[in-house]
Amino acid sequence: MSKLNFTKMHGAGNDYIYIDCMKSCPADLPVLSRRLSDRHTGVGADGMVLIMPSEIADFRMRMFNADGSEGLMCGNAARCVGKYVFEKGLADKKRIALETPSGVRTLCLHFDGTAVDRVTVDMGCPVLEPSRIPVHSSCAEDIEIATSFGATALTAVSMGNPHGVVFCKLVEGLGKELETNAVFPDRANIEFVEVAAPDSLLMRVWERGSGETQACGSGACAAVVAGVLTGRCARHCSVSLPGGCLDVEWREADNKVYLTGPAQFVFEGTVDV
C-alpha cells in the first residue's frame with residue numbers, strides 16, 4: 001500500500017479531488033474516483049481530476065465522475081487546473097493550453113495580487129447537430145425537443161459533453177429521469193433554468209454520473225446557448241447557481257463560448273491506495 005497526495009478544489013461549489021500525475025498515475029481510476037468521491041466514506045467530491053503531461057498542450061486533464069465514469073469536459077475543473085498548475089509552480093504563464101478529451105482548451109488566468117482568483121476558459125464552439133451531441137430527434141432543425149415527460153421540452157447542446165436545457169421553474173425529481181431519457185443515447189447533463197433578466201439566468205444542474213451539483217461550467221454555457229437559440233436571453237449572461245455565479249459569453253465573432261468564474265483550494269491530504 002502506498003500514499004497518494006491529493007488537493008481538493010472547487011469552482012463555484014463544483015468540487016473535485018485533484019491529483020498531480022505529471023510523473024506517475026494511480027491505477028484503477030474508475031474505482032479510485034468512486035472511493036474518493038464518496039461523501040460518507042471518502043474525501044467527498046463530485047469526482048476526481050488528473051493533471052497529466054501532454055504532447056500537444058501544456059497539460060492534459062482527465063476527469064472522472066463520482067460514479068467512476070469518465071467525463072469529456074468540465075469547465076469548472078479546467079479553471080481549477082489553471083489555478084493549480086500556476087500556484088503549485090508547474091506553470092509560470094498566464095495563458096495555458098489544456099488538453100481534454102473534447103480538444104485543447106485555452107485558460108486565461110486572472111489575479112488578485114499574486115493569487116489566481118478567477119479563470120476564463122475558451123470552451124470552444126457549441127455543437128448543435130443532433131448526431132454529434134448526441135441526441136435522438138425526429139428533425140435536425142428542432143430547437144426544442146419533446147420528451148416522454150409530456151410538456152417537458154429541452155434544448156440539446158454539446159459543449160464537449162451532452163446537455164439538455166429545460167426552461168422552467170426550478171423543479172425537483174426530473175434530473176435522473178431526463179439524464180437517462182431515451183432521447184440521449186449516452187445520457188446527458190440536465191440544466192433547469194429560469195430567466196431572471198435578459199442577461200441573468202438562475203440554474204440548477206443534474207450532472208451525468210454525479211447527480212445534482214452546486215455548479216456546472218459547461219452546463220452554464222449550454223444554458224446561455226439554448227437561451228440565445230430560443231430568444232430568451234442575451235449572448236453575455238450571469239448564471240447564478242447554488243454554489244456561486246459564473247459569467248458566460250457566446251461571442252458572435254468566433255462562435256466560441258467563454259466561461260469565467262472562481263477557482264479555490266479547499267484542503268490537501270493523503271490517502272492509502
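The values are calculated or read from the model by the stated rules, or taken from the named source; none is laboratory data. It should be emphasised that the depicted structure is a prediction, and the values quoted were computed from it without experimental measurement. Note that we place each Cβ from the backbone using ideal geometry, even for glycine, and neighbour counts take in every protein chain shown. Note: accessible area is taken over every heavy atom of the protein model, side chains too, but ligands, DNA and RNA are not part of it. Shrake-Rupley method; radii C 1.70, N 1.55, O 1.52, S 1.80 Å.
A few comments on the model shown:
- Residue match in segment 7-15 (condition: assigned to a loop (DSSP other than H, G, I, E, B), modelled with pLDDT of 95 or more and open to solvent by less than 10 Å² (accessible area, probe 1.4 Å)): yes
- Scan of segment 52-100 for residues that are among the β-branched types (Val, Ile, Thr) and either under 15 Å from ILE19 (Cα atoms) or not in a loop (DSSP other than H, G, I, E, B) (or both), ordered by number: VAL81, VAL85, ILE96, THR100
- Test: residue in segment 34-45 that is part of a strand (DSSP E or B) and out of contact with any Lys or Arg (no Cβ under 9 Å at 6 or more places or on another chain): no
- Identity of the residue in segment 38-64, basic (Lys, Arg) and within 18 Å of LYS83 (Cβ to Cβ), that ends up nearest to the chain's Cα centre (by Cα): ARG62
- Checked against the criterion of being touching a residue at least 60 places away in the same chain (Cβ under 8 Å) and under 11 Å from ALA77 (Cα atoms), the candidates ASN5, ASN14 yield just one match: ASN14.
- Checked against the criterion of being in contact with a Ser or Thr (Cβ under 7 Å, 6 or more places away or on another chain) and open to solvent by less than 20 Å² (accessible area, probe 1.4 Å), segment 23-36 has no qualifying residue.
- In the set VAL248, VAL266, VAL257, only one residue is of a type in the set (Val, Ile, Thr) and in contact with a Pro (Cβ under 8 Å, 6 or more places away or on another chain); that residue is VAL257.
- Some residue of segment 70-83 being modelled with pLDDT under 95, open to solvent by 50 Å² or more (accessible area, probe 1.4 Å) and under 16 Å from the mean Cα position of the chain (by Cα): yes
- Only a single criterion out of (1) open to solvent by 30 Å² or more (accessible area, probe 1.4 Å); (2) at pLDDT 90 or above; (3) closer than 23 Å to GLY231 by Cα is not satisfied by HIS110, namely (3).
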